[in-house]
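Asker: First the structure, then my questions, so here it is.
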Amino acid sequence: MKAAICYEFNQPLVIEDGVEVDDPGRGEVKIKLAATAVCHSDLHFFKGEIPFKLPGIGGHESAGYIEEIGEGVTGLNKGDAVIIGTVTSGCGHCYYCTIGLRHLCVSRRQPMEGRHRNKAGQRLAPMAGPVAGFAEYTTVSETLVTRIPSDIPMDRACLLACGVTSGFGAVVNRAQVGPFSSVVVMGCGGVGLNAIQGALFCGADPIIAVDILDSKLETARKFGATHVINSKKEKDAVKLVWDLTSGRGADYVFVTVGNLEALRLGFSMGGPRSMTVVIGLMMGNLASLMPMEFIMTEKVLTGCGGGSLRTSIDIPGLVSLYKTGRLKLDELITGRYPLERINEAMASLERGEALRNVILF
């Protein structure tokens, strides 16, 4: 089979034939990939911004069909249409599973062993999660797989594995935004637009989109933003947010870009007792945030990984919203590429030209 392999950081991926994948073991399934979207998290890994041992295979926003079932797997059958993501449905027995936080299951802390080997027999590590979706086949734990209706197009379905759920879930699950709350979304890429969709779903008002590209801000309006701010052009973006929120500052701020300056800016846009939720992957330290800012304003700074996803509840719910026209998925896809053109798809995303590019197998 073919896979796109990262052998060197900041270099084009190598499309290699003759790659092999392990047969499924106990509690695992082998999947024939149909579509995998390119996420900014993949770019962070491929550029070496997140320390990682190479060679490896990226891709974690995937959909496909079950090819083989391992021993002990229940609830899944050969031929099922599924999405494969980074958030576990949990073991069902650990502390976090028993208190309803299955996405924080202790099983997610286990080392991610590569299930692929290149034509030289070298193990290939899964990058940006355990999926290794930039390959024609993959083998993963059943806890990372969610069955979906067979009539949803796979290029749309794969978006539910990360981009949609990371943004939508941060608003609905992690922050639990209520009606009439004021929301700021920093970054209007694939994740940011879905945070906007989540805010609209919750009845937030105003919903303020912040970006440095006018084209993305125009798209944000179509996804539900009531106001847009180009922070590169606006003299004082923080003051404008406070003005738009009756002088109180935003109740919730979602930082979807992996940039510490954006985090600092977004945190300043929140008012007393506001919650700032970090979604975008970023490295560095938070030295610019001072303890007094938390003490005197009672602000909350928190994170959200994978939308705090409840896979068995949220995925069917999002599919239903899509089918009834209440969730935009088609509009998120900028381009569709074969695996052989994956480097073009990534370059387009890095230049800011794409919301989501999808690799089709």
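FYI, it's all coordinate maths here, none of it is from the lab. Quantities reported herein were computed from a predicted structural model and do not represent experimental measurements. With ideal geometry, Cβ positions are generated from the backbone for all residues, glycine too; neighbour counts draw on all protein chains shown.
Asker: When the helix-only estimate is applied to the chain (DSSP H runs of n ≥ 4, each -39,500 (n - 2.57), divided by the residue count), what is the mean residue ellipticity at 222 nm, nearest 500 deg cm²/dmol?
Answerer: Result for the chain: -7000 deg cm²/dmol, rounded to the nearest 500.
Asker: Here is a follow-up. Between residue 53 and residue 20, what's the calculated FRET efficiency when r is the beta-carbon distance and R0 is 30 Å? Round to 0.05.
Answerer: With a Förster radius of 30 Å, E is 0.90.
Asker: Could you list 98, 226, 74 in order of exposure, starting from the residue whose Cβ has the fewest other Cβ atoms within 10 Å?
Answerer: Listed from fewest to most nearby Cβ atoms, that is 74, 98, 226.
Asker: Do any GluC sites (Glu not before Pro) in region 43-124 lie in a loop, going by DSSP, with at most 16 other beta-carbon atoms within 10 Å of their beta carbon, and if so which?
Answerer: 49, 71, 113
Asker: Among the listed pairs 32/222; 2/53; 53/233; 222/299; 47/222; 32/216, which are separated by more than 28 Å between their Cα atoms?
Answerer: 32/222; 53/233; 222/299; 47/222; 32/216
Asker: Taking all pairs of distinct Cα atoms, average 1/r, flip it, and tell me the Kirkwood hydrodynamic radius of the chain in Å to one decimal place.
Answerer: 20.7
Asker: Quick one: length gained pulling residue 78 to residue 101 fully straight, 0.36 nm per residue minus the C-alpha distance?
Answerer: 5.4 nm
Asker: Compute a Gaussian network model of the chain, connecting alpha carbons closer than 10 Å, and tell me which residue from 129, 48, 307 fluctuates the most.
Answerer: 48
Asker: Right, something else. If we count every other residue with Cβ under 12 angstrom of residue 32's Cβ, Lys/Arg +1 and Asp/Glu -1, where does the sum land?
Answerer: -2
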